[in-house]
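The values are calculated or read from the model by the stated rules, or taken from the named source; none is laboratory data. Every value quoted in this text rests on a predicted model; they were computed, and no experiment measured them. Glycine gets a Cβ as well: all are built from the backbone with ideal geometry, and neighbour counts include every protein chain shown. SASA here: full protein model, heavy atoms, side chains in, ligands and nucleic acids out. Shrake-Rupley method; radii C 1.70, N 1.55, O 1.52, S 1.80 Å.
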Amino acid sequence: MDKQMKLHYMNRVDEKLSELPWFVTEFIDSKKRKLSPTTLLNYCHDYIIFFDWLVTENFTEDSRKNINLNALEKLTIREVENFLSFLEYQLGNNKLTINRKLSSLKSLFDYLQNKAETNDLKPYIQRNVMAKMDLNAVKESQETIANRIDGKILREDDFESFRQFIAHDFGEINKENKRIFNFHQFNCERDTAIVSLILGSGLRLSEVAGINIEDLDMNKALVRVIRKGNKEQYVYFSKQALLDLENYLQIRESRYIPEKNESFLFIAAPIGRKGKSRRLTQRSIEKLIEKYATAFGKPALTVHSLRHSFATRYHLENNDVPRLKNQLGHSSIQTTMIYTHLTDEEMRNAVNNILVSHLKYLLFMTLI
């Protein structure tokens with residue numbers, strides 16, 4: 001993530017902190033050196049949900065901003081369990097999401113009890129109810145994870161269909177709606193290039209959003225990205241992605257009119273007559289994929305499932321897990337091994353097709 005993106009997310013963090021109690025600001029400040037801006041923003045969202053629930057349930061003051069430490073110290077295990085039930089049954093969060101939000105609260109409460117100190121060197125809270133809360137037991141085998149992913153990815157035949165849908169068909173089916181049609185005509189080259197790049201490289205959402213023009217090597221079909229852990233890596237992308245990127249770059253300056261010092265690759269459409277160019281955010285990329293996926297008839301498709309789609313196809317065609325691990329930027333080869341399970345069915349079908357062909361050959365020979 002480049003400096004401009006970091007600044008954007010840190011500004012959003014500051015906006016959220018202005019709505020939260022002072023001790024949350026103090027906690028977030030203590031984490032700025034260690035955690036990414038997006039993680040800090042997720043923390044703020046989690047705390048807003050929790051504090052709003054406390055206010056709604058009359059556990060504390062009538063405003064999340066005014067919640068005090070005494071209210072947190074008095075919370076019981078049963079009350080926190082009720083909050084977790086609220087997340088699951090009212091907000092529809094799955095167990096993994098609930099675990100993440102509970103972990104956010106555990107981090108905050110741990111800071112208040114064990115790290116923050118008053119002027120007389122006493123902890124902010126004596127009693128920490130979150131320390132008594134257990135995370136949901138979520139044990140999934142690689143095969144279970146693979147089966148869950150399987151229904152949310154594109155297969156080989158769908159790659160070009162989805163790409164063509166974004167490049168052309170989406171506009172055709174919305175011809176009667178001038179606003180949607182014109183917006184698609186304006187952005188279709190950009191949107192096609194984004195999807196083609198993900199399907200042709202397996203890049204993460206943050207990596208795609210953070211690309212600058214100078215990061216591209218069009219001669220070698222390589223792109224420089226900053227992976228998890230701030231590791232720099234050059235990643236290959238497909239010939240189709242290369243063609244779609246070239247097509248987009250031909251209209252990028254004339255259509256989006258970026259400032260001279262703005263070199264980010266994917267630009268948001270200007271808003272209003274005097275709208276300035278700006279980097280397309282991660283959330284904007286997510287929303288445009290959601291829009292096309294829904295219209296395409298595969299609403300479960302996300303940026304991450306497009307990454308999974310690339311990985312599945314790569315493994316099926318190359319069967320080279322170490323290279324795939326490097327391409328995806330995985331720190332552990334165990335994570336990459338998920339895709340060996342994803343392609344079991346294809347491998348089984350391939351073997352069965354060989355067997356059927358052999359039987360047909362034997363039958364043919366007996367008839368000669």
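Worth a mention:
- Under the convention that each Lys and Arg Cβ holds +1 and each Asp and Glu Cβ holds -1, the size of the dipole of region 150-225 around its Cα centre is about 260 debye.
- Ranked by the mean number of other Cβ atoms within 10 Å per residue, highest first, peptides 23-36, 113-126 order as 23-36, 113-126.
- The base-10 log of I(q)/I(0) for region 264-330, evaluated at q = 0.11, 0.18, 0.22 Å⁻¹, reads -0.42, -0.84, -0.96 [Debye formula, identical scatterers on Cα atoms, solvent excluded].
- For region 54-142, the residue among LEU102, ILE67, LEU91 whose Cα projects farthest onto the positive side of the dipole built from Cβ charges is LEU102.
- Here the Kirkwood formula puts the hydrodynamic radius of region 1-132 at 15.4 Å, using every distinct Cα pair.
- Only protein atoms count toward the accessible area here, which uses a 1.4 Å probe; on region 5-80, the carbon and sulfur part of that area reaches 47 percent.
- Note, ³J(HN,Hα) from phi for region 232-246, Karplus 6.51, -1.76, 1.60, rounded to Hz, x at Gly and Pro: 7, 8, 9, 10, 6, 10, 6, 5, 5, 4, 4, 5, 5, 5, 4
- Estimated FRET transfer efficiency (ASP110, GLN90; beta-carbon r; R0 25 Å; 0.05): 0.40
- Packing, taken as the mean count of other beta carbons within 10 Å per residue, orders the peptides 102-108, 129-135 from highest to lowest as 102-108, 129-135.
- Taking every lysine pair in region 1-106 that is 8 or more places apart or spans two chains, those with Cα atoms closer than 23 Å amount to 29.
- Peptide packing: for 173-184, 198-209, the average count of neighbouring Cβ atoms within 10 Å per residue gives the ranking 198-209, 173-184, highest mean first.
- Cα pair count fraction exceeding 28 Å, expressed as % - region 169-313: 16
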